[in-house]
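Report on the structure given below.
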Amino acid sequence: MNLMMLLEMASSGFGDRTAVGSQGRGLTYEQLFQRAGATAMRFREAGIDRVSMVDVSSEALPIALFGSAWAGVPFVPLNYRLTRPELRHLAAEVAPSVTVCNDDALAAIGDLDGVRAVVRPDFLAQWAEGSAPDSDWNVDPEEIAILLYTSGTTGTPKAAVLRHRHLVSYIIGSVEFMGAAEDEATLVSVPPYHVAGMAAILSSVYAGRRIVQLPNFDPADWVNLVRTEGVTHAMVVPTMLARIVDHMEDIGGGLPTLRALSYGGGKMPAPVIARALDVLPWANFVNAYGLTETSSTVAVLGPEEHREAHRSDDPAVRARLGSAGRPLPAIEVDIRDEEGNPVATGTSGEIWVRGEQVSGEYLGRNSRVTPDGWFPTNDGGSLDGDGYLYVEGRIDDIIVRGGENISPGEIEDVLLSHPSVADAAAVGIPDEQWGEAVAAVVVAAKGQVVDIAELQEFVKSQMRSSRTPDRIEVRDELPYNETGKLLRRILREELAESR
Amino acid sequence: MDLKPGSRLKSSVCDTELIVVKAPSGDVDITCGGAPMADPADAERNGEVAAGAAEGTALGKRYVNEDESLEVLCTKPGDGSLALGDTALSLKEAKPLPASD
């Protein structure tokens, strides 16, 4: 198994279709295959252990990804927004490498031992030009395909290991070969160093869906690209969708070509999805849940399930709008307690997953996968009687107040249902009496003023009093990283300090 | 031969190549064009597609046995058709999942 198998199939069957870029002007599957092969030969000649990239999305990304798979070295996309010392640290760890980069990264890491930094125009002109040799990639499924440094929202970044077998299993288990119609195009706005950015390339190549890339997310640019490129599919993280909806409410007009919008990578506030359904009434919504360590998606809530839940009078069916849907056919999901024993249906616990696409492995650390293949995700959640998965967030984020476990998500859902609140985060802060106390930070909705005492009363009326935030702060915005992950650690530190 | 997910197979009588998606444990007697298949590294072209086993394989399609304990994906198409023992494998209907990334 090798990622190149996916591209070779696309190229041999549908070589003339546009793979990346504008219809008719971008790279075809055949051209992408040729460039990957030409690049692979140069990667091999360079005698490196890894191919890295510190740059926004461009056609260089799929070329370098498939070229490294062909050459038999891991591909390591790094976050181009890291500070200079952070980037130098990771680039040194990844060396000896060829690193395709932007000018800023060249200045930051160009002098490091073992790092051969190549700016993107030089990469495209000198490394990616030419034709492919005979197919001679290594087919050992255990070879590492991609190393992805996790976002480090909870500490030092560590590299998740995705082997060829994980990623190929994910694609052939979830995507129909050339299942996309020739007019379909997907807009990729998540960065290369996010698992969804990598998975988007692989899924789209295998599905035959043209890739349109947005290098830096901006809601106006996103809407323009959908309109000018006839985009039919897109994946966004919650913070992106919120900004897109804001923008579309301001400018008016629809996105008639957009048939499918998938969202994931964080908890989607219910009001955002409700507004999105209003501004994009014809789009099919898909909620996807997955982790870097599981090669992206493990559960989906499909368009028909969105509509059914939206229409239903049955509260249990309506609640599914807040679920991550059901596991993919090739994935098993279990909910387990702290000792690793399965819990009863409907009971919260830790989400465990098993399947060929599940890696659960970090470079230089012991695998967290059990001998029989189960990976504890460190996400809390529950399964209902129909197999719908409800994700409650990271277990580390659970607030323990007087021995009672409180999921921040529950409190946030209630806060967000108040008309004066646009965004909300609940965290635990040290407390002498309770061990931890509940604190919340909220952002006021447009034109609204938050009355803190009234909001506390509102939460108390909806939940047990132990879940009512002891303290609520109003801010202009919450701290998110650029891929939409709420930085709870920062809120906890700031709130604990300002007591 | 013993098969596991990810195992690759090549026909000895046509261009067909497969990758195993799912396999039962134990010895699996899979043929293409009426002749045994082998690991691509060992496969040698030897003979012709047998009459009655010449319906061909299609790129990117999945083939399964009756109880779906064996599932293979065609990575290179050819003229032979696939069988497990004496029983032809059948084309598996696609159940498309919504695009999620």
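Residues in segment B:1-11 that are at pLDDT below 95 and more than 13 Å from chain A (Cβ to nearest Cβ): B:M1, B:D2, B:L3. Where helices (runs of 4 or more DSSP H) fall entirely within segment A:47-165, those with at least 1 residues that are in contact (Cβ under 8 Å) with a residue 40 or more places away in the chain and touching a His at 6+ places or on another chain (Cβ under 8 Å) are at A:60-71. Every listed requirement among (1) within 10 Å of chain B (Cβ to nearest Cβ); (2) more than 24 Å from A:P219 (Cα to Cα); (3) surrounded by fewer than 22 Cβ atoms within 10 Å (Cβ to Cβ) is met by A:L301 save one, (3).
Yes or no, residue by residue, for (1) part of a helix (DSSP H, G or I); (2) of a type in the set (A, V, I, L, M, F, W, C):
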position	(1), (2)
A:V168	yes, yes
A:G173	yes, no
A:M178	no, yes
A:A181	no, yes
A:A196	yes, yes
A:Y206	yes, no
A:V212	no, yes
A:R227	yes, no
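So, A:S359, is that one under 21 Å from A:P271 (Cβ atoms) and among the hydroxyl-bearing types (S, T, Y) or not? It is false that A:S359 is under 21 Å from A:P271 (Cβ atoms) and among the hydroxyl-bearing types (S, T, Y). If you check A:D103 against the conditions, is it exposed (fewer than 14 other Cβ atoms within 10 Å of the Cβ), on the phi < 0 side of the Ramachandran plot and at pLDDT 95 or above? Spelling it out, A:D103 is indeed exposed (fewer than 14 other Cβ atoms within 10 Å of the Cβ), on the phi < 0 side of the Ramachandran plot and at pLDDT 95 or above. Could you list, in sequence order, all residues of segment A:368-391 that are surrounded by 20 or more Cβ atoms within 10 Å (Cβ to Cβ), more than 18 Å from A:S296 (Cβ to Cβ) and among the hydroxyl-bearing types (S, T, Y)? Answer for segment A:368-391, where residues must be surrounded by 20 or more Cβ atoms within 10 Å (Cβ to Cβ), more than 18 Å from A:S296 (Cβ to Cβ) and among the hydroxyl-bearing types (S, T, Y): A:Y388, A:Y390. Can you confirm whether A:G322 is small (G, A, S), in contact (Cβ under 8 Å) with a residue 40 or more places away in the chain and farther than 30 Å from A:R165 by Cα? Yes.
Residues that are more than 25 Å from A:Y480 (Cα to Cα) and within 14 Å of chain B (Cβ to nearest Cβ) within segment A:264-298 comprise A:A283, A:N284, listed in sequence order. Picking from residues in segment A:1-41 that are surrounded by fewer than 19 Cβ atoms within 10 Å (Cβ to Cβ) and over 30 Å from A:R227 (Cβ atoms), the one that is farthest from the other protein chains (Cβ to nearest Cβ) is A:M41.
For segment A:422-450, which residues satisfy the criterion of being touching a Pro at 6+ places or on another chain (Cβ under 9 Å) and farther than 20 Å from A:G409 by Cβ? A:Q448, the sole residue that qualifies.
The set of residues in segment B:12-58 that are basic (K, R) and within 14 Å of chain A (Cβ to nearest Cβ) contains only B:K22.
Condition check for A:S262 on (1) buried (at least 21 other Cβ atoms within 10 Å of the Cβ); (2) more than 13 Å from A:H233 (Cβ to Cβ): one failure, at (2).
Could we say that A:E182 is closer than 30 Å to A:L258 by Cβ and exposed (fewer than 15 other Cβ atoms within 10 Å of the Cβ) here? The answer is yes for A:E182.
Here A:S169, A:S262, A:S203 are screened, and the one residue that is among the hydroxyl-bearing types (S, T, Y) and touching a Ser or Thr at 6+ places or on another chain (Cβ under 7 Å) is A:S262.
No other residue among A:S135, A:S169, A:S131 is within 14 Å of chain B (Cβ to nearest Cβ), among the small types (G, A, S) and more than 27 Å from the chain's Cα centre (by Cα) apart from A:S135.
A search for C-beta distances below 6 Å between a residue of segment A:326-339 that is in the same structural domain as A:Q357 (by TED's automatic domain parsing) and any residue that is of a type in the set (K, R), counting only pairs 6+ apart in sequence or on different chains, returns A:E332/A:R354. You will find that of A:V237, A:V188, A:V226, the residue that is at pLDDT 95 or above and within 14 Å of chain B (Cβ to nearest Cβ) is A:V188 and no other.
The values are calculated or read from the model by the stated rules, or taken from the named source; none is laboratory data. Computed from a prediction, not measured in an experiment: that's the story for all the values here. Here Cβ is always computed from backbone atoms with ideal geometry, including for glycine, and neighbour counts include all displayed protein chains.
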